[in-house]
Amino acid sequence: MSTDLSITHLILNASIVVQLVIGLLVFASVMSWSMIFDRRRVLRQAGRAADDFENRFWSGGDLAELYRQLERDGDDESGMAAIFRAGFREFARLRTKGHNDPMALVQGAQRSMRVSLNREVDRLENHLSTLATVGSTSPYVGLFGTVWGIMNSFTALGNVKQATLGLVAPGIAEALIATAIGLFAAIPAVVAYNRYSNKVERLNNRYDDFVEEFATILQRQAGN
Amino acid sequence: MLAMLKRSPVAVFLAVALHLLIVFFLIFGMEWELFPQQENPQVEVVQAHAVDMKKLRQVEAEEKARAREKKEQQAKKQKQAEEKKRLAALEKKRKADAEAKRKAVAKQKAEAEAKRKAEVKRKAEAKRKAEEKRKADAIAKKKAEEKRKAEAEAKRKAEAKRQAELAAKREAAARAERERALQDQLAAEQNARETDRYVAVIKQQINRNWRRTGLPGEDQLTCRLRVRLIPGGEVIPGGVSIVKSSGNAAFDNKVEQAIYKASPLPVPSGPLFESFRNLTIDFKPSK
C-alpha cells in the first residue's frame, strides 16, 4: 500500500483533469521561477548601473564629455545613462536650433527625460504582473484540481456499500497533491512579486531624483 | 515563455533545473526505504563446465540408475507409509470407538447424575414452594384478619361518630328550641309593652277629645268599652260598644262620642295591630 501512496504513483494514477491541473501548475511554477531569476538579474544590473553612472555623473567631469563617452560606448545603454542621454541630446538639439529661452530648453529636456524614464521603468516592471497573476491564481487552480479529485473519489465511494478508509484515502491524497503544487507555485511568486516591485519602486525614485537634479543643472547651464 | 527563453535562457534553465531537483528529492526522498529492495535483485550466476560426452553418458546412466533406485525406494517408502497409515487409521478408529463408548457411558452417567440432581432439585423446589405457599397463606390470613379488625374498628368508629353527630344534632335542636322559646317570650313581652304604650297613647287621645260634662263626681266614673278598628286606626262606625257601663248613661255616651271623634286612633302597623282590631279600653277621665 505504501508504494501506492508515493507521489509518483498518485500523480500517475490521478484522473485526467487532476493531471492537467498539475501539469498547468508545474508549468506556471517553472515560468514564475524563470521570471524570478530573470528579474533578479535585471534589477541587480540596473541597480549596479545606476550606482556606476551616479559616480561618473557626480565626479565633476564635463557633462558633454560624459555624453560623448556614452555615445561611443554604444546604444544598448539603459537605466540612468539612457535618461541622461535623452535629456542631454534634447537639450543640445534645442540649443543648436537657436532656442535661447532657458525655461523652454529645460522643459524640453525634462519632457524627453520623462519619456525615457517611463520606458526604463516599464522595462524593469516587465513580467512582474505575470508573477502576481501566478501568485494569486495558482492556489485556486490547485484547489479546483483538489475539489475535482475529491468529487471523483466520492462518486466512486457512492457505488460501494461499505465505505472504508482505504477506499477514500488514495483519492483524497491524490487530489490534495494539486493544492500542494498550487501553493508551491504561488508562494515564491508572491514573495518575489512583493520584493521586486519594491525594488522597482526604489529604482524609479532614484531615476526621478536624477531627472530633477539633472534638470536643475541644465537650467543653470542654460542661464549662462 | 518562448520569448523568455530567447531573452534570458539562463533564467529558464535555472528554473527548470530547480524543479527537476525538487521532483528528484520528492520522489527519492519519499521512496527511500523502498528502493534498496528493488535495486539489488538476487543475481543467479550460471556456472559452466566443459564435459566429456562419454563421461556424460556414464554419468547419465548412473543418474538414471540412481533415479530408478530412488523411485523404487520411494515406492517402497510410500507403501510402508500407506501401511503405516492404514494401521494408524485402524488404531485411530479403535481408539475413537473406545472413546465414543467411554463418552457414551460417561454421558449416560452424566445424564443419570443430571436426572438425579434434577429430581433433588425439583423436590427441593417443590418443598420450597410449599413452604413459601404456606408462609404466603399465613401472611394472607394474617392480613385478612388485620383487615377484618381494621374494618370492624372503622365501623365502630363510624357508629360512634354517627351517635356523636346525632347527639350533637339533638342538642343543637334543643338549644334552638330553647332559644326560640326565649325569643318568643321576649317578643311577647316586647309586644305587650308596645301594646301598653299604644293603649296609653290611645287613651290620651280619647281623653283629649272628651268634653267634661261638669257632672259632680265625674272624675271617679269609669267605663269599659270595646272598639273595633280597621288597620290605620279608623274606628268602624257603630263599632264602639259599652262593655261595662259607668252607671251614668250621659257619661257613657260622651265617652262613645269622644272615641268617634278621636278616630283615627294611633295604632301600630303590621302584626302588632292584630290585638287592636277588637280593643277593649277602660276609660277613666284624667285630670
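No lab work stands behind these numbers, since they all come straight from the coordinates. Bear in mind that the values here come from a model prediction, so they are computed numbers and not experimental data. When we count neighbours, we look across all protein chains shown, and the Cβ atoms used for this are built from the backbone with ideal geometry, even at glycine.
Here are a few things to note about the model shown:
- Exposure proxy ranking for B:Tyr198, B:Tyr260, based on other Cβ atoms within 10 angstrom of each Cβ and starting from the fewest, stands as B:Tyr260, B:Tyr198.
- Seen against the Cα atoms of chain B and their longest principal axis, helix B:53-209 is set at about 10 degrees.
- Within the stretch A:78-107, trypsin sites (Lys or Arg not before Pro) in DSSP loop having at most 10 other beta-carbon neighbours inside 10 Å: A:Lys97
- A straight Cα-to-Cα reach below 19 Å connects B:Lys254 with the aspartates and glutamates B:Glu218, B:Asp219, B:Glu234, B:Asp282, residues fewer than 8 places away in its own chain not being considered.
- Burial ordering of B:Phe25, B:Phe251, fewest other beta-carbon atoms within 10 Å first: B:Phe25, B:Phe251
- Nearest 10 degrees, 0 to 90: helix B:249-262 Cα axis against chain B principal axis: 40
- Under 16 Å from B:Lys141, Cα to Cα: aspartates and glutamates that are on another chain or at least 8 residues apart: B:Glu131, B:Glu132, B:Glu151
- Two-site label geometry, B:Lys6 and B:Asp97: point separation in nm, points 7 Å out along Cα→Cβ: 10.5
- Helical content alone sets the calculated 222 nm signal of chain A at -30500 deg cm²/dmol, taking -39,500 (n - 2.57) per DSSP H segment of four or more residues and averaging over every residue.
- Average beta-carbon neighbours from other chains, 10 Å sphere, peptide B:4-15: 5
- Structure-based [θ]222 nm, chain B - -39500 (n - 2.57) summed over DSSP H runs of at least 4, per residue, nearest 500: -26500 deg cm²/dmol
- C-alpha long axis of helix A:80-96 to longest principal axis of chain A, angle in °: 30
- For a straight C-alpha distance cut-off of 27 angstrom, the lysines reachable from B:Lys54 (same-chain residues fewer than eight places away being disregarded) are B:Lys64, B:Lys70, B:Lys71.
- Shown for B:Ser286, A:Ser32, A:Ser15: other C-beta atoms within 10 Å of each C-beta, ranked fewest to most, produce the order B:Ser286, A:Ser15, A:Ser32.
- The phi torsions of the stretch A:23-31, fed into the Karplus equation with coefficients 6.51, -1.76 and 1.60 and a -60° offset, translate into couplings of x, 4, 5, 5, 4, 4, 5, 4, 5 Hz, rounded to whole numbers, with Gly and Pro shown as x.
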